[in-house]
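Working notes for the structure below.
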Amino acid sequence: MNVFRLTGDLSHLAAIIILLLKIWKSRSCAGISGKSQILFAIVFTTRYLDLLTSFISLYNTCMKVIYIGCAYATVYLIYAKFRATYDGNHDSFRVEFLVVPVGGLSVLINHDFSPLEILWTFSIYLESVAILPQLFMISKTGEAETITTHYLFCLGLYRALYLFNWIWRFYFEGFFDMIAIVAGVVQTVLYCDFFYLYVTKGWFSRPYRL
Amino acid sequence: DIERAQHDEL
């Protein structure tokens, strides 16, 4: 464990909690892409199946359970409890254009052709593009609530910090996982445009435009 | 294939 990975995980946890609390407190999921949240639930489910097969550490197990629990709770709030506030018209990204290529790629390029490993690879590839429906929805509505931008900032920051974690691990442990690194770079690049707008902050006053 | 170390990252 290193400082980049720990702060990355905490940033990820913060993003998940921020979103869940925002929806719960405001009793509304306006401006939130339910499709992205479903993709994240799939990402955690397919990646953390090893909860059933191996124990790494209490931290690892607790975080995985929290991530999965919050992901499904968020999907439940969006599609069940507060479904009346779900903005389906603007959440129109064709996720099949993400899931199918990612599924095919995970069967073709992986570390080991075993079910668990292919599902892990699928999860890594899917996570790198899972935010696209959300970014697409914001570009269509032309605006994002402030709290939603904080959610996206923390979410984007987490994988950027993981990139530093992989540099650290390569240098100090000689460890590197090319699949996770390439997907992590793609995932972080997708946030660059958003990061620029978020940091310049100028756009807070007027609606966020991609 | 090299034996895959279990994925220890979240």
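Where a number appears in this text, it was derived from the coordinates with a stated rule and is not lab data. Computed from a prediction, not measured in an experiment: that's the story for all the values here. Please note: Cβ atoms are built from the backbone with ideal geometry, for glycine as well, and neighbour counts cover all protein chains shown.
So here's what we get for this one:
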| read-out | value |
| --- | --- |
| Quarter of the Cα convex hull surface for the stretch A:15-65, i.e. its orientation-mean projected area (nm²) | 4.2 nm² |
| Within straight-line cross-link reach of A:LYS64, lysines at Cα separation under 17 Å, skipping those fewer than 8 residues along the same chain | none |
| Projected label distance in nm at A:GLU145 and A:LEU49, using a 7 Å step from Cα toward the beta-carbon | 3.5 nm |
| Within straight-line cross-link reach of A:LYS81, lysines at Cα separation under 22 Å, skipping those fewer than 8 residues along the same chain | A:LYS22, A:LYS25, A:LYS35 |
| Shape parameters for the stretch A:77-189, alpha-carbon atoms, Rg then Dmax in Å | 16.6, 51 |
| Linear extension gain, A:ARG27 paired with A:ASN2, 0.36 nm per residue minus alpha-carbon span | 5.3 nm |
| Over chain A: helical MRE at 222 nm, DSSP H runs n ≥ 4 each giving -39500 (n - 2.57), nearest 500 | -23500 deg cm²/dmol |
| Alpha-carbon spread of the protein assembly as shown, three principal axes, descending order, Å | 51, 35, 33 |
| Net charge of Cβ neighbours under 10 Å - reference A:CYS29; Lys, Arg +1; Asp, Glu -1 | +2 |
| q = 0.15, 0.17 Å⁻¹: log10 I(q)/I(0) that the Debye formula gives for the stretch A:107-165, counting C-alpha atoms only | -0.62, -0.73 |
| Highest average packing first - A:32-38, A:149-155, A:112-118, Cβ atoms within 10 Å | A:32-38, A:149-155, A:112-118 |
